[in-house]
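Structure provided below as structure tokens; questions to follow.
Please treat every number below as a calculation from the coordinates, not as lab data. This structure is a prediction, so every number in the text was calculated from the model and none was measured. Note that each Cβ is placed from the backbone with ideal geometry, even for glycine, and that neighbours are counted across all protein chains shown.
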Amino acid sequence: MGQGRVPVELVRGVPVVAAPEEIDLTNADDLRAALLEAGGNGHKNFVVDLTRTRFCDSSGVRTLARAHRRALDEDRGMLLAVRHAAVLRVLEITGIGRTIPSFASIEDALGQATGLDVR
């Protein structure tokens, strides 16, 4: 993958977006492109791996919220794997933590993604 690009890889048949350590205005467009790629390849569900992410500003939250809305509109599921308290706090304060299914590990999110029905 190119520098600055957010990687997407298939894990157990589920696209996984590997979010950067910090999500802010400088890389939110890269994240958006990766989320579009993950959600647009005909897969029912995809996971956003935020387990390395330690900081997420409003542009990152907005990017995640829009990707989730798009996934729902297309009858797909988007799940988050989140570990760090600061990111969990931002997601909770903004309401994203209540609307997008979140898990403490990528394994838990993948387990749910392989059996998730978003209807």
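Can you name the helices (runs of 4 or more DSSP H) wholly within the range 75-119 that have at least 2 residues being among the aliphatic types (A, V, I, L, M) and free of Cβ contacts under 8 Å to residues at least 12 places away in the same chain? Give the steps one after another, and end with the answer.
On the way: elements: 85-94, 96-99, 106-113.
Helices (runs of 4 or more DSSP H) meeting the threshold: 85-94.
Of the residues Val17, Val61, Val6, which is within 12 Å of the chain's Cα centre (by Cα) and assigned to a strand (DSSP E or B)?
On the way: Val61 fails: assigned to a strand (DSSP E or B); Val6 fails: assigned to a strand (DSSP E or B).
The match here is Val17.
Please state which of the following conditions Asn41 fails to meet, knowing it meets all the rest: (1) among the polar types (S, T, N, Q); (2) more than 23 Å from Glu9 (Cβ to Cβ); (3) assigned to a loop (DSSP other than H, G, I, E, B).
Every listed condition holds for Asn41 apart from (2).
Could you tell me how many of the residues in the range 76-119 are in contact with an Asp or Glu (Cβ under 9 Å, 6 or more places away or on another chain), under 24 Å from Leu10 (Cα atoms) and surrounded by fewer than 16 Cβ atoms within 10 Å (Cβ to Cβ)?
Residues that pass the stated criteria total 2.
When you go through Asp49, Asp73, Asp30 one by one, which is the residue that is on the phi < 0 side of the Ramachandran plot, of a type in the set (D, E, K, R) and surrounded by fewer than 14 Cβ atoms within 10 Å (Cβ to Cβ)?
Asp73
Same structure again: Would you point out which residue out of Leu35, Leu25 is in contact (Cβ under 8 Å) with a residue 24 or more places away in the chain and in a helix (DSSP H, G or I)?
Every option except Leu35 fails the conditions.
Does Arg52 satisfy being part of a loop (DSSP other than H, G, I, E, B) and either under 21 Å from Gly97 (Cβ atoms) or in contact (Cβ under 8 Å) with a residue 40 or more places away in the chain (or both)?
yes
Considering only residues that are in contact with a Leu (Cβ under 8 Å, 6 or more places away or on another chain) and of a type outside the set (S, T, N, Q), which ones fall in the range 53-69?
The answer is Cys56, Asp57, Gly60, Val61, Leu64, Ala67.
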